[in-house]
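Read through the structure below, which is laid out as structure tokens, and then see the notes.
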Amino acid sequence: MRIVQLVPSMDGSKLAQETLEFAQELARQGHESSVISAGGTLVSRLTLHNCQHLELPVNRKGFFNHRLHRRLYHQLESLQADVLLCRDSLCSWHGWKVWSRLPETTRPRLVTALHRWPAGGPFSGAWQNGAVSRGELVLASSRNLAQRMSQRFSMPVAEPGSCEQGIQVIYRGVNTRELDRRAPVSGHWQHRLLNSFPQIEGRSWLLLPGDIGPGRGQERFLELLAELKKTRDDLFGLVVGEALPGQEKFARGLERRAEAMGLAEHVLFLGARRDMRELYASARITFDLAEPALTDGRVVCESLAMGCPAIADGGLGLELLQQCFPQGVPVEAAAQGEGGCGMEPLVRTSVSVLDAAKSIQFAGFSLAETTAQAVRWFDELTAASSQPLAVSVVK
């Protein structure tokens, strides 16, 4: 199958990274995989894995884009793709405008995907409004997002695992060939880490990965550590990640705050790391405490893939935990729908997991599995008649 993805750019953003992973997995599974974007730092990695990249300024906004649409029309004509996957509302607009002019007998099937609810409201910009809902197949990155789309565009949400019409939910899969829980953690890695940070030896590690900045969960993590250490002296917090641009002062303030809270001997700020697989495998719990709008559930998914229990109280992480590891969901957060809870429920949930963690059910969330599911939907779409079929958004 020939699958073309239309994405604003391959600039290293989360959307570009997901596009790259999906394209590579498509190629690995034997499909012809192409990406059309405005270019970016990830293009070289894309072409390294038997994927084609075609550069067009599809990140350009504006109602009148006749020259761009003309070039995109000729590009799609020459590619003779089976499926055109348009990621985000802007590319859905460009893709739909061009797709609707292609001959019905030769044009690819149109799939649109939405990964997050636009911050400016429901698809701000009247000319873009509703473009994502015009796909023959519509993909959503979470059930919460699918429900919001359903309310906005009066489209049904398909039942999980079904092939019926409606918005289909497909999560961003984890590459379990890189995050392989079956591969042992090397003694050399452990020795090096403990030589660098001898204070963590013999402790139970609590992990908080992610960008450092306001609302990203670091302040709440320090409060949680302060509460937990009142009853357990074996816990040690590891904060992994770089400060967001312009937030270096905030990051330094976190370290001073940790000292003022008496946590100097209970927490380390490790900065960016390239050994997340080993850290997940060695930690007791991974936390995702960012505000719901600032988290994409990636940390939770990666941690669970490595067999490490996770706790989240909002955003997509909460949705994933409800399916894979319900013990990591504070009861109060689940009751509030989109999540959010106070410190006491987080403490109770953490103690419960530390005392006796239940099993993790991760089946269906690997990159290989989510890609294969998407391809099954594409197959059904290409085999169907010309009647439109609504589906959901890929994350």
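The values are calculated or read from the model by the stated rules, or taken from the named source; none is laboratory data. Just so it is clear, the model here is predicted, and its values are computed rather than measured. Every residue, glycine as well, gets a Cβ built from its backbone with ideal geometry; the counts of neighbours run over all protein chains shown. With ligands, DNA and RNA removed, areas are computed over all heavy atoms of the protein, side chains included. Shrake-Rupley method; radii C 1.70, N 1.55, O 1.52, S 1.80 Å.
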Amide H within-cut-off set for Ser204, under 5 Å, with H built and near neighbours excluded: Leu235, Phe236
Distance between modelled label sites at Ala356 and Leu194, nm, 7 Å Cα→Cβ extension: 3.0 nm
Calculate, for the chain, the solvent-accessible area per residue in square angstrom, rolling a 1.4 angstrom probe over the heavy atoms of the protein chains. 45 Å²
Quick numbers on region 136-278, Rg and Dmax over C-alpha atoms in Å, give 20.6, 58
Rank Pro103, Pro309, Pro209 by mean-square fluctuation in a GNM of the chain with C-alpha springs under 10 angstrom and give only the top-ranked residue. Pro103
Take every DSSP beta bridge whose two residues both sit in region 1-97, then give the antiparallel share in percent to the nearest 5. 0 percent
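Find the all-direction average of the projected area of the Cα convex hull for region 235-368, expressing the result in square nanometres with one decimal place. Working shown, then result.
Values: hull surface 35.5 nm².
Averaging across all directions leaves 8.9 nm² for the Cα convex hull.
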Residue-count net charge about Thr382 - beta-carbon cut-off 13 Å; Lys, Arg +1, Asp, Glu -1: 0
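Could you work out the relative contact order of the chain? I mean the mean sequence separation of Cα pairs under 8 Å and 6+ apart, divided by the number of residues, in percent.
Values: 768 pairs, mean separation 67.6, N = 395.
The normalised contact order for the chain reaches 17 percent.
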When the helix-only estimate is applied to the chain (DSSP H runs of n ≥ 4, each -39,500 (n - 2.57), divided by the residue count), what is the mean residue ellipticity at 222 nm, nearest 500 deg cm²/dmol? -11500 deg cm²/dmol
Nearest-ten-degree value, helix 89-99 long axis tilted from longest Cα axis of the chain: 20 degrees
Surrounding charge for Pro330, neighbours by C-beta under 10 angstrom, Lys/Arg +1, Asp/Glu -1, total -2
Unit-weight point scatterers at every alpha-carbon of the chain, Debye formula, q = 0.06, 0.07, 0.08 1/Å: log10 I(q)/I(0) is -0.26, -0.35, -0.45
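Quick one: ranking Met276, Met261, Met149 by accessible area, 1.4 Å probe, largest first, what do you get?
Numbers: Met276 35, Met261 60, Met149 0 Å².
Ranked list, largest accessible area first: Met261, Met276, Met149.
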Choice from Val98, Val329, Val111 with maximal GNM fluctuation in the chain (Cα, 10 Å cutoff): Val98
Checking the cross-link filter: which lysines have an alpha carbon closer than 21 Å to that of Lys230, excluding same-chain neighbours under 8 positions apart? none
Once amide H atoms are placed 1.01 Å from N in the peptide plane, what residues at a sequence separation of 5 or more from Gly314, or on another chain, have their amide H within under 5 Å of its amide H? Gly340
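By its C-alpha gyration tensor, with a ≥ b ≥ c as the square roots of the eigenvalues, how is region 259-324 shaped: rounded for a/c under 1.5, else prolate for a/b larger than b/c, else oblate?
It is oblate, given that a/c is not under 1.5 and a/b is not larger than b/c.
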Hey, what angle do you get for helix 14-28 against the long axis of the chain, alpha-carbon based, 0 to 90 degrees rounded to 10? 70 degrees
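Can you give the alpha-carbon Rg of region 10-148 over 2.2 N^0.38 Å, where N counts its residues? Numbers along the way, then the final one.
Details: Rg = 14.6 Å, N = 139, 2.2 N^0.38 = 14.3 Å.
Dividing the Cα Rg of region 10-148 by 2.2 N^0.38 Å gives 1.02.
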Run the 1.4 Å probe and let me know the accessible area of Cys341, rounded to the nearest 10 Å². 30 Å²
Which of the lysines could be linked to Lys61 by a straight reach, that is with a Cα gap under 18 Å, when you skip same-chain ones fewer than 8 residues away? Lys97
For the chain, which whole-number percentage of the solvent-accessible area (1.4 Å probe, protein heavy atoms only) is attributable to carbon and sulfur atoms? 48 percent
Compute the helix-to-body angle for 343-355: its Cα long axis versus the longest principal axis of the chain, expressed 0 to 90° and rounded to tens. 80 degrees
